[in-house]
Structure formats: C-alpha cells, structure tokens
1. Treating only the Cβ atoms of Lys and Arg (+1) and Asp and Glu (-1) as charged, compute the dipole magnitude of segment 515-584 about its Cα centre; round to the nearest 20 debye.
2. At 1.4 Å probe size, what's the solvent-accessible area of Asp310? Round to the nearest 10 Å².
3. Do you know the relative contact order of segment 322-381, to the nearest whole percent, from alpha carbon pairs under 8 angstrom that are 6+ apart?
4. With a Förster radius of 22 Å, plug the Cβ-Cβ distance of Leu96 and Gln124 into 1/(1 + (r/R0)^6) and report the FRET value to the nearest 0.05.
5. I'd like the FRET efficiency for Glu627 and Glu660, computed as 1/(1 + (r/R0)^6) with the beta carbon distance as r and R0 of 30 Å, rounded to 0.05.
6. In Å², and per residue, what accessible area does segment 358-408 have when probed at 1.4 Å with the other protein chains present?
7. Mind giving me the nanometre distance, one decimal, between the label points for Asp760 and Asn786, set 7 Å out from Cα along Cα→Cβ?
8. Where the centre of each part is set by its Cα atoms, how far does segment 282-355 sit from segment 817-847, in angstrom?
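The values are calculated or read from the model by the stated rules, or taken from the named source; none is laboratory data. In this text, all values refer to a predicted model and were calculated from it rather than measured experimentally. For neighbour counting, all protein chains shown are included, and Cβ atoms are generated from backbone atoms with ideal geometry for every residue, glycine included. Areas reflect the complete protein model, heavy atoms only, side chains present, ligands, DNA and RNA absent. Shrake-Rupley method; radii C 1.70, N 1.55, O 1.52, S 1.80 Å.
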Amino acid sequence: MLINICITLSRDSSNDGQGDTVSLSMSVSELDDSGEGKGKKKRGRPGKQGVRPPLLSRSTDCIHFNPKCMQPATLSDQCHSVIDDWIESYKQDRDLALLDLINFFIHCSGCKGTVRIEMFRNMQNAEIIRKMTEEFDEDSGDYPLTMAGPQWKKFRYNFCEFIMVLVRQCQYSIIYDEYMMDTVISLLTGLSDSQVRAFRHTSTLAAMKLMTALVNVALNLSINQDNTQRQYEAERNKVAGKRANEKLELLLEKRKELQENQDEIENMMNSIFKGIFVHRYRDAIAEIRAICIEEIGVWMKLYSDAFLNDSYLKYVGWTLHDRQGEVRLKCLKALQTLYTNRELYPKLELFTNRFKDRIVSMTLDKEYDVAVEAIRLVTLILHGSEDALSNEDCENVYHLVYSAHRPVAVAAGEFLHRKLFSRHDPQAEEALAKRRGRNSPNGNLIRMLVLFFLESELHEHAAYLVDSLWDSSQDLLKDWDCMVELLLEDPLQGEEVLGDRHESALIELMVCTIRQAAEAHPPVGRGTGKRVLTAKEKKTQIDDKNRLTEHLIVALPMLLSKYQTDAEKVANLLQVPQYFDLEVYSSGRMEKHLDALLKQIRVVVDKHTEMEVLEACSKTYSILCSEEYTIMNRVDIARSQLIDELMDRFAHSVEDLLQEGDEADDDDIYNVLSTLKKLTAFHNAHDLTKWDLFKNCYRLLKMGIEQGSMPEQIAVQALQCSHYSILWQLVKITEGCQSKYYNDYGDIIKETLSKARQMDKIQCAKTLILSLQQLFNELIQDQGPNLDRTSSHVSGIKELARRFALTFGLDQIKTREAVATLHKDGIEFAFKVPNPKGPEYPPPNLAFLEVLCEFSSKLLRQDKKTVHSYLEKFMTEYMMERREDVWLPLIAYRNSLLTGGDDDRLSVTTGASSTSKASTVRSKRGRPPQHKRRPEEEAVEGSWVMRNDTLQTPGALHTPQLTSTALRENPRQAADHIPDQGSSEPGSEPDYMHNPQMQMSWLDQQKMEEVNRKERGGMNYMKSRSGGVRQQVRGLMEDDAEPIFEDVMMSSRGQLEDMNEEFEDTMVIDLPASRNRRERAKLRPDFFDSTAIMEDDAGFGMQMF
C-alpha cells in the first residue's frame, strides 16, 4: 500500500439545505497506473461532463481520499478551482476549512492520525502534535518525501505547487485576516520542531515554500507601492486647476493599504524565518538543511532589495562548511544564481571578500559535483570582477585542467579560457593581425597557451589540457593555420621569437588538437569509453577532418623539412597523417604533396636511429599503404625503394663486420646497428620476408655465440628482427592452410584438453575457469560494467562455458574435486572486486555467476549444498533480499545450486521458496524418502559407510578424508580402530590417509578448518547408532518440532574395493533435510538436532569451503 496524496474538491450533499462542503482530499490506496492521462478518452458510454468525482467523504472519525488525482495534469487542471472553492468554504466556516488544511499537512507527513474538530478548537498546537506523534506509524521510517519512484517525485512537486497557488489565490483576501496565516504558520512552526523526522521534514518544506510564496506577494506589493507613489507624485505635481483631489485621496488611501499589507506580509515572513529557518538550516538531517539553503537563494534572487544583504547571506556562507556534499552543492548553486546577475555584484562584494577563500578551496572538494560547481562559481566571480581573485586563487584552479575527472577539468578549462584566452577587444586584435600580415588574430593567444603549458611542467598531459579547453576554446584550438604560421614563418616586428621548447610544445599541442578533432572523443583516462556520436557531432567530426586535411596536407612536408633533424618534433609530426582523409590526395589531385611527404619521410629515416622516430615512420607507411586508398601503389613503390636501399646497406655492413671479426671498429658496428634498427622497426609493421632478413640476422647471432664478441645492442636487434621474420612466415602459413586449420582445430583442442585433464584434473579445471574469466574481463573493458546479458558476446561466453562443462564427462565421481575447485574460483572472481559506489550495488563481476551456472549440473547433489554454503560467505543480507535485474545472475546461480539438492529453491521473480513435496514429506516412522539414485552413487554411499567402519580419525588435528555423513564415533573409540599402517597396501586408502607424502586435497583442508572451528566453539557433539536402534533427538530451539529419525545405508566391503580405482576424492551419503529446516532457516544452528549434525557432515564429510 502506498500513500498517494492529492489536492482536489469534494462536494458532500448529504447535509440537506446546508450547501456543499469543500475539502482538501488525499488517499491511502494502491497507486493507479492505468495510464489514464490528459487527452486520452475511454471507449464506451460517455461520462457526465463538468462534474468531478467525489474524492473525499467526511465522517466524524476520518477523512477518506481518492488516489486518482496524483498526476500533474490533474493538479494543474483542478488546483486553482479547488483552492477558490476552499476559500469560499473558509469564508463560510473557517474552522472546518482550516481543519482540512491542517489534516492535509499531517497526512502529507505520512501520519495516519486525523485532527478532529474538537481537538482543533480545544487543544493547543503542541498538544495536537503530541497526539499525532502518538498515532504515527513508527514501524517504517519511510514517508512520502523520502520514498523513491516517479510517483513520489510528482507528489513533492504537487505538494509544493499547491502551497504556492494557495498563497497566490489568497493574497487579495483572507491572507490578511490575521487568522488563516497565523494558524498555518503556528502549526508548521510546531511541526518543524518535532522529534519526528517526517513531521520536521515535511513542515520545513511547506514553510519554505510558503515563505517563497509570501516573498512573491511582498514583491508584488512593493511594485504596486512604487507605481502608486509615482501616480501620486505625478498627480500632485499638476497645476492646481488640473489636479484631481479625489484621485489624490484615493491614491493616498491605496498607498496606505498597500503599506499595511506589506507590513503584514513582512511580519509573516519574519515569523517563518525566525521561527523555522533559523533553527532548521542547521538541522541534523541534510535534506532539511538543503531545503532551507535552496529556498533562501530563491528569496535573495526574487527580492534582492529585502534579502540580498549580509544578514541573510551569512547563512549561506556558514553553510559552505557543511559536512554533507548535498548541502554544499545547494549553497554553490544558490550563489551562482546571484553572481550570474551582474547588477547584484556590488551587493555581494563584502560577502565575496569574506568567503572567497572558502569557495576557492571547494574547487578541491572530495565530491566531484561540488568541485565542479565551485569552479563555475569562481568563474562567475572572475567574470564579475577581474580583481576579485588573486594570482594564487587563479593558480589553484589552473592545475585542475589536468584532472582525470572530465567535468572538473572542463569547468577548469572554462575558467582558464575566461582568464587567459578570451579576447578583450576582438575587432582591434583582428585589425592588428591584418596590419602584420597574419591570417588569424589568435597568434598571441596561442603563444599564451604554449607558455601556460610549459609553465605547468606537465608535458605528457598535453592531450588533457586540450580536452579541458575543447568545449570553451574550440575556435582557438582549431586554428591550425595560425599554428602553422607560427611554426613556419619568421616573427614580425613586435612579435616574440618562438624558442626551441616553445616550438616543441606547440607541435605537441597541435597534434593533440588534430587527434581530438578527428576522433571526437576524450583521450584515454578521460571518460568511460567511446560513446555513439549524435548526427550533429558526426557532421562536425567530418567537417573538422576535412578542414585539418586541407590545412596540413600542404604544410606537413614543409614542417618535416624544417624540423627533420629534431627527433621529438619529427616523431610528433609523423602522427598527423593517420588523421587525414587520405582520399583527398587523389580526389584533390594533390599527389605532388604526397610525393613531398614520402620524400621527407625517407630523409627522416636516413637521419635518425631513434626507435620512436623509426616506428613513427613505419606506422605512417603502413597507414598510407592501406588497400582501401588509391594512393597505395604509389606509396608501396616508395616503401620498396627504401627497403631495397636499407637491405643493400645492411648486407654490405654485415659482410664487413663478419670479415673484421674481433678487429671490427666502431664504424662497422654503428653501420650494422643503425641499419638493423631501421629494418627491425619496419619489419614490425610490414612483411619484409621476401628480403630474407632472417639469414643475415642468423649469421650475426651465430657469430656472437661462437666468438662471444657480438655487441649486446646488435644481438638484441637481431633477435627482435628474427622474431618478426618468424611471425610473418607463420602468418603466411596460417593463411595458406586456413581451411585445414579450421577443420582440425576442434580435434586438436579436444585432445589437448583431454591430455591436460589426465595430467591434473584440478589444474585443468582452473585453466578453464581462468580462460572464461579473461574473456569476461575483456568484455567488461569493451562494454563497461553494465553488461547487456542478452548480447551475443555474453551468450558466446556462456556457450563456451557449456562446451567446457561437457568436457568433464558423465562420471561426476572422478571430476568431483576439479568441479568444486572450478566453482570456488568462479565465486571468488565474482565477488573479489567490490563496487566502488558502495555495498548496496552489485560487484562489477557479478554477471560471471551466470556463466558459472553452466557448470552447476556437474556437481553432485550433496556437493551443491556445500558450494552454496561457500557462496553465502560472500553474500550480505542485503544481497539475499535483492530482486532487481542486476542481481539476477546471483539468483540464477543460487537456484542452480539449490535445484536437485536438499535446500529450498529461491524463485527468481518473487524470491519465495518453492520446495518439492519429495523433500519435505516423511513417513510416520521418519524414514527419508527413497530417491532414485545412479548406480555409482549407491556404490559410493555404501562403500563410504564401510570405510568409516575400518578407518577412523587418528587424532584431533587430523581429519579423516572419508567420514560418514550418518555416523560419527567418539574420537577415542576411533583411535582404537586405526589399522596398522604397515599392513596397508601401497596406494590404498589407508596408505593415502596416513602417508605424509600424500597431498591432502583442498576439500580436506577446508573440512579441517571447519572441524577446528567447531571444536573451538565447544559444539562438536558426537552421536552413534547401532544396527536397528534409532535415537530420537529433539532440537532445543524447536519445542514443538516433530521427532526426526535417520537411517544409515550400509554396503559390503567388496563394493568399496571395486570402486577404489574409480574415485580420487571423498564420497558421501546424501540424506534429506529435516522437514522443519525452512522454519529454522533464520535461527542459529541447533546442534542438538540430529539433522543439524548430519548437515554438518553432508557432502564430503567436511565443509567444502
């Protein structure tokens, strides 16, 4: 049931001859989401026109409300008329009308109590509030203002709107009768001081909206007073013959009435401000403090003459230090609305001087939203007065352009643009640029940007600086003509010469702007990944790419020619072609510029041996040689000529080095090393196998091995080049036999998995789950944490998991330990990374449990329960209660473990338990139902009991690997039955149990931990049974529980010997759960209950994890 509150009209004609009763109405019922809305007509018989349905019926005990007036359209249509009718009812009987208004506020707080007329007339407000507090539903801490969902947002909007309209409709009549407003303000003041949060929160919101409505009334009265005063002055200044004395008297009377009303409104506002605001702006609840600060900002903006002074601004300034980010955010937004109006800045000067330091410090707030708004407020302060901020204040904001959080960086970029890069007189600067012969007036601004970048000393973060300024300074950052002018042309008179560091910085920034324009997304580390561009953004991207290609396709060869000897500059400039629209070379008939570019790249290769430069040249050739462009043939010829020249030089230098041997000088070594570096860099991105580089590289390596005199750098380069040669040859082989490869691939993988499983089942299982985890991580990196579980990528991983599960075969006994380890690793992977948003959000890897479901069928029934217990160690109570879509993988995985086991199965949709009759019904004698078993399970269970007869726990610290789930003997008695170790056969189970060389299984280790835990708790109770004797144990926590009996199934020793070769892990007997188990699910374990003891041993004779 939800409380749906509305304001509407109800006419009760039951009182004959007394007219209609007008009331405010509200409803407690389920919300109606039938979809009826404005402009929608129902089929069928038309309803009566002009008559509202009876929404409220009054009785002596309570008021009943209708839920169908929650929609904003309904409120908008009816609110004015309802309030008009309420005003008429107030004029007839103000007590009854006010009683409706009082109950409206009470019920809007979520209180079920109702104020009756005798209470209203005979009790003080404090007594009424105390009575309502007693009737408040304390079972739930929720009330309308705190409830989530769109319907409650509508309620809040409607509630606030109603108060505003009520005051607006009453401002010309009953608002001044000294009864209606006094009663409402008195009630809200009392409720705002209540210990009940719901009353305090709701009444504070109502009072603040009431105050805002009164501020509007006061503003209208002030405007009317000014107009009346002007009319009076104009009439009085007329000559005596034309002056109308009656009009003067009327104007004087009107001015007096307006002044009286103004005084009355101011008294009301003072009562609300001093009685409610002053106390609640520092309330313990952050939402209440935020409401107060938000509304005082509205008052100062609407009625600045009355409220924009230090007496009111100090409350906002003090609250800037609030410990909650929500409240600090409201303070900053309230101040932003004031600083946006330049006319108000003089009134804010004293406040700015007093709280400027705090505002600047908030740019480093731990809450990113607060930091962003603080930077925007500092920008507004700067816009209002250049002198308001010191250099130190500005520097505190400057460095934030390098922040990894993009909204903070963009806000700081706007501040930086306002302070440094905005032209104060664009026309004058354009005229100066033309006189100097420059095409762009942005030269000085670009110089300033370079200087700022160099002084920040964060050269590796140029991309971050460009991205921060991209939204506010695009015209500057896309002025590639101006950048090229500054780099290529000599400075004119009055211009500073760009130094070497400045040129390097400008080239780096220019390349970053080109990348940002061409790719249209932030650099790595900014943002959550590439997003889909809108049509407008896509068009801008295409236009920018065409512009930069047009500007730089001609200039790039000249830039390379000028800076061909500077490795850093050349390496940056060679990144530019990858952002070109390369079709322009052919479509624009610019092949000569392509030839010039290829010529310069060849010169760069000849002059440089730095790997960064050589790799940039190789990458540029690779991009230009793309088969999709018509220029591919021209570039391929140039590349082949370059490689031929390098190969000739390399072959001769290798021969010289090999002939010289130990007598080779530095020149011989340099010639080989420099040429080999270039060929290695190209071989990385290009297929050079036809030049047979491997032959000479092998000769160099062989010489180094035989003589031991090969320089290390040459050996490294030769190994790397040989590596690339082998890789390219493998690519050719793969492409040549691709069809055969795909036909045989499945058989190869199957055989590989089979051999791996034979060698070590557990490691094989861990390898399978690791491969699935790697695929899942790659998917998370590509798509983000919010995976679409219905996508083909997720389905592909699940299909691979299903096929992996098939490799375990049908013999669950052999693969028992391996499958259990696989589930353990999968569970740990799903929960190992907590959600940074908090524990109430699902872990980022939780969806992996849906993949893990594919392996649940490979668990034995009794093992499923143990795996489920391990899963619950990672789950909080909050997780167990969640049913939203994001938690469905967890619910599905739990169901896969509970299905076919002894536990109840959790419904995915409802969360209810659904248990088959077979798991709960017991015979009168208490025998468990006989489940249909596989032959292997029957043999395992029988042999398991026989093992317990012959092999017992040797001591407290050594838990037996094989322990019956149905029978535990006294440890001392067990010690008497330990067989002589010397008589055990090699490889037999006793030999495994007592041979220290045998490795204890992971499951045994977990069981030992469980046993030790129980011994420390002093709750390790033993029980024993004999052939036909049954012992009845009654749970102490279930006084009325039904006695529970269990039988033990025995089998011959021969069965055990027959099965010895088949199992490698512990086996168990699966016993059904107690019928009362679900009733005890939320209680602590009852260690005096026989079923509880058996459940402790169920599974492997140990707790699995």
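1. 320 debye
2. The accessible area of Asp310 comes to roughly 70 Å².
3. Computed value for segment 322-381: 41 percent relative contact order.
4. E(calc), rounded to 0.05, equals 0.70.
5. E between Glu627 and Glu660, to the nearest 0.05, is 0.10.
6. Roughly 44 Å² per residue, with all protein chains present.
7. Between Asp760 and Asn786, the simple spin-label model gives 4.2 nm.
8. Using only Cα atoms, the two centres lie 46 Å from each other.
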